[in-house]
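Accompanying notes for the structure given below.
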Amino acid sequence: MKNVTRIREIIDERGITIEDLADVLNINKRTIRNYYYGTRVPGKVVALNMAKILDVELNYLMNKEQEED
């Protein structure tokens, strides 16, 4: 079963390569590919850093619904 995040969608929209994101996050390209294809979900620290780099909310990146106030 694949993990559903918006990582692939956001990377594609922004035209960022897996290699570039891996370099900025200082992690292996294979790890980013796993996130991209949904075979793994990033841990909290990596997800937070990825959200900052991609300039999105963490909940949005991880495909969690925003609760309305």
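The values are calculated or read from the model by the stated rules, or taken from the named source; none is laboratory data. Computed from a predicted structure; not experimentally measured. Counting neighbours? That spans all protein chains shown, and the Cβs are built from the backbone with ideal geometry, glycine included. Heavy atoms of the whole protein, side chains included, go into the accessibility calculation; ligands, DNA and RNA do not. Shrake-Rupley method; radii C 1.70, N 1.55, O 1.52, S 1.80 Å.
Below are the figures for this structure:
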quantity	calculated
MRE, 222 nm, helices only [DSSP H, n ≥ 4, -39500 (n - 2.57), over the chain, to nearest 500]	-15500 deg cm²/dmol
Residue-level accessible surface for Asp20, protein heavy atoms, 1.4 Å, Å²	80 Å²
Per residue solvent-accessible surface (Å²) - the range 1-65, probe of 1.4 Å	69 Å²
In nm, spacing of pseudo-spin labels at Val24 and Asn59 (7 Å Cα→C-beta vector)	2.3 nm
Test item: Cα-centred dipole of the chain, Lys/Arg +1 and Asp/Glu -1 on Cβ, debye	560 debye
Accessible surface of the chain, 1.4 Å probe, proportion on carbon and sulfur as whole %	44 percent
P(r), alpha carbons of the chain - 10 Å bins starting at zero, rounded %	21, 60, 16, 3
Paramagnetic reach from Val41 in the range 1-32 [backbone N under 14 Å; point 7 Å along Cα→Cβ]	1-7
Angle between the chain longest axis and helix 44-54 axis [Cα atoms, degrees, rounded to 10]	90 degrees
Exposure rank, largest accessible area first [Ile16, Ile32; 1.4 Å]	Ile16, Ile32
